[in-house]
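Contents: one structure, followed by commentary.
The values are calculated or read from the model by the stated rules, or taken from the named source; none is laboratory data. Because the structure is predicted, anything quoted here is derived from the model rather than measured. Heads up, the Cβs are rebuilt from the backbone with ideal geometry, glycines too, and the neighbour counts pull from every protein chain shown. The area values use the complete protein model at the heavy-atom level, side chains included, leaving out ligands, DNA and RNA. Shrake-Rupley method; radii C 1.70, N 1.55, O 1.52, S 1.80 Å.
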Amino acid sequence: MKKALTITLVIIVALFAAIYAFIYFVPYSKGVRSGELIKISHKGIVIKTWEGEISQGISGAQIFKFSILDKDADVINKLKEYQGNYVKVTYVERFATFFWLGDTKYFITEVNKEESPHFRK
């Protein structure tokens with residue numbers, strides 16, 4: 001009985017580890033988006049995650065929601081600094097996410113301040 005319980009527990013832990021590794025390390029897609037950075041927040045009650053939004057249209061009708069991992073402190077600081085400006089972000093889309101990583105499947109890995117196409121000379 002103990003042996004069967006131990007084997008079952010090991011299989012469950014190994015399965016969870018494999019699923020977690022797949023979700024965390026295997027990207028579904030990588031890309032770049034740009035728009036006006038309208039929100040950056042550190043939200044949550046027990047587990048806090050960094051979340052943000054970029055407006056990709058003039059009327060704000062198309063919003064790109066994203067998450068940032070805590071390990072990317074330089075990206076978080078740049079996003080705080082660029083609040084309200086036009087930015088270009090590089091992201092990785094995952095198949096799914098876990099609640100301790102973020103609310104969305106899109107994780108920002110790099111951010112650059114850009115000139116808005118609406119105000120170009």
Scanning segment 77-121 residue by residue, the ones that are polar (S, T, N, Q) and without any contact (Cβ under 8 Å) to a residue 60 or more places away in the chain total 6
So the strands (runs of 3 or more DSSP E) completely within segment 24-91 holding 3 or more residues that are more than 14 Å from Lys105 (Cβ to Cβ) and β-branched (Val, Ile, Thr) are 27-43
For segment 92-121 the number of residues that are out of contact with any helix residue (DSSP H, G or I) (no Cβ under 8 Å at 6 or more places or on another chain), outside any strand (DSSP E or B) and open to solvent by 50 Å² or more (accessible area, probe 1.4 Å) is 11
Residue set Ala14, Ala4; condition at pLDDT 95 or above, out of contact with any Leu (no Cβ under 9 Å at 6 or more places or on another chain) and among the aliphatic types (A, V, I, L, M); output residue Ala14
Just one listed residue, out of Ser41, Ser29, is exposed (fewer than 12 other Cβ atoms within 10 Å of the Cβ), touching a strand residue (DSSP E or B) at 6+ places or on another chain (Cβ under 6 Å), under 24 Å from Phe64 (Cα atoms) and without any contact (Cβ under 8 Å) to a residue 40 or more places away in the chain, and it is Ser41
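Would you call Ala61 exposed (fewer than 11 other Cβ atoms within 10 Å of the Cβ) and over 13 Å from Asp103 (Cβ atoms)?
Yes: the conditions hold for Ala61.
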message: Please determine whether any residue of segment 26-44 is at pLDDT below 95, out of contact with any Gly (no Cβ under 6 Å at 6 or more places or on another chain), of a type in the set (Val, Ile, Thr) and over 29 Å from Pro117 (Cα atoms).
response: yes
